[in-house]
Amino acid sequence: MSSWMGGTTSDLIASWGPPWRTIDVGADGVVYVWVNELWTTETVLPYKEHIYHSPGTLAENILRALNTYNEMHRTTSVMGFQMFWARRDGILYRWAWRVT
């Protein structure tokens, strides 16, 4: 993001598309905000799935095969905010990146 410093808002918008929001900060210019949803998937420790059955039956052999360890996956998302400050003449002078 630092490579944009000294560049123009028009070039940034042409490259990134329209911002999610703009905030007028008076004499300091305008803040342009882009938002991205970031996804992560993690594998949680395996768990044993147990199916109860009657011993000594054909069902016992089938269900024994089903009583195996399985992996569980958890997907979470966070919001990433990319912000650029521009002077009134459209020149970028500051940036920040935040995750919530």
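Here are the numbers for the structure shown:
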{"quantity": "Matching residues, region 5-34, being aliphatic (A, V, I, L, M), closer than 17 Å to R88 by Cβ and assigned to a strand (DSSP E or B)", "calculated": "I23, V30, V31"}
{"quantity": "Of residues in region 89-100 being in a strand (DSSP E or B) and at pLDDT 90 or above, the one surrounded by the most Cβ atoms within 10 Å (Cβ to Cβ)", "calculated": "L92"}
{"quantity": "Residue within region 77-88 that is modelled with pLDDT under 80 and in contact with a Gly (Cβ under 7 Å, 6 or more places away or on another chain) present", "calculated": "no"}
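The values are calculated or read from the model by the stated rules, or taken from the named source; none is laboratory data. Everything numeric here is computed off the predicted structure, so don't read it as measured data. Methodologically, a virtual Cβ is constructed for each residue, glycine included, from the backbone with ideal geometry; neighbour enumeration extends over all protein chains shown.
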